[in-house]
Number of protein chains: 2
Amino acid sequence: MKARVVVTPKAAVLDPQGAAVKEAMQHLGMPEVKNVRIGKYLEIDVNGDGAEMEQRLHKLCRDLLSNPVIEDYQLLKE
Amino acid sequence: MKARVVVTPKAAVLDPQGAAVKEAMQHLGMPEVKNVRIGKYLEIDVNGDGAEMEQRLHKLCRDLLSNPVIEDYQLLKE
């Protein structure tokens, strides 16, 4: 199974990295940029499949790959 | 327009961060993990739309958001 995990800062959390990229894009010829948010992207190859595997992946997403206090994650299977 | 950009290390490039996460996942109850690769994820809100805007976004992806020597990017429009 191939899983993709996207970890993004929660909407209420400041994202200074995103703000810096927004400023840079605006100065490099794209003043139309309104907002940028930056997160992490993980591609995970796993042997096996099934609901139990997915449940364990969700647990690892919460415990290891994201900080649930300030981040949300999305788990996409392929 | 909302654009999502995913920046990942090229296949031939070592990804020590991904290797560390793989090890951690294997030790935290998921020995089935074969490979992990880690990249960046950007959500960009832009005023406007169209092919010319997309072309400029691609240019910024190459010049600012990714390092074409070691990274690939994917631009997804919404």
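Considering only Cα-Cα distances, which of the following residue pairs are longer than 20 Å: A:Lys77/B:Lys22; A:Lys59/B:Lys10; A:Lys22/B:Lys77; A:Lys2/B:Lys40; A:Lys10/B:Lys2?
On the way: A:Lys77/B:Lys22 17 Å; A:Lys59/B:Lys10 28 Å; A:Lys22/B:Lys77 17 Å; A:Lys2/B:Lys40 18 Å; A:Lys10/B:Lys2 17 Å.
Distance filter (> 20 Å) returns A:Lys59/B:Lys10.
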Please give the charge dipole size of region B:2-77, origin at the Cα centre, charges +1 on K and R Cβ atoms and -1 on D and E Cβ atoms. Round to the nearest 20 debye. 100 debye
Report the closest approach of any chain B C-beta to the axis of the B-to-A rotation: residue and distance, in whole angstrom. B:Tyr41, 2
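Using C-alpha positions alone, give me the convex hull volume of chain B per residue in cubic angstrom.
Details: hull volume 8.2 nm³, N = 78.
Once divided by residue count, the hull of chain B is 105 Å³.
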How well do other chains shield peptide B:49-58, expressed as the mean number of their Cβ atoms within 10 Å of each residue Cβ? 1
Shortest-first nm distances, A:Glu78 label point to equivalent points in other copies (7 Å, Cα→Cβ): 2.2
Two pseudo-spin positions, 7 Å from Cα along C-beta at A:Lys10 and at A:Arg62, lie apart in nanometres by 1.4 nm
Every other copy gets compared here: list the nm distances from the A:Leu14 label point (7 Å along Cα to Cβ) to its counterparts, shortest first, one decimal. 3.6
Unit charges at the beta carbon, dipole of the protein assembly as shown: most positive-side option, B:Ala11, B:Val46, A:Ala24: A:Ala24
Measuring from centroid to centroid over Cα atoms, what is the spacing of region A:35-71 and region B:1-19 in Å? 16 Å
Compute the long axis of helix B:51-60 from its Cα atoms, compare it with the longest principal axis of the Cα atoms of chain B, and write down the angle in degrees, 0 to 90, nearest 10. 50 degrees
Based on alpha-carbon positions alone, could you give the equivalent ellipsoid semi-axes of region A:34-78 from the gyration tensor, as √(5λ), descending, whole Å? 23, 13, 8
Which distances, shortest first and in nm, link A:Gly29 to the matching position in the other copies, using label points set 7 Å out along Cα to C-beta? 5.0
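Taking 8 Å as the Cα distance limit and 6 or more residues as the minimum spacing, I'd like the relative contact order of chain A as a percentage. Please report the intermediate quantities before stating the final value.
Details: 98 pairs, mean separation 41.9, N = 78.
Averaging sequence separation for qualifying contacts and normalising by length gives 54 percent for chain A.
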Taking every pair of alpha-carbon atoms in the protein assembly as shown, give the share separated by more than 24 Å as a whole percent. 38 percent
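With r defined as the distance between the Cβ atoms of A:Glu23 and B:Val69 and R0 fixed at 30 Å, what FRET efficiency is calculated, to the nearest 0.05? Before the final figure, lay out the partial values.
Values: r = 24 Å, r/R0 = 0.81.
Result of the calculation: an efficiency of 0.80.
Readers should treat all values here as calculations from the given coordinates under stated rules, not as data from a laboratory. If you're wondering where the values come from, they're calculated on a predicted model, not measured in any experiment. As a convention, Cβ positions derive from the backbone with ideal geometry for all residues, glycine included, and neighbour counts pool all protein chains shown.
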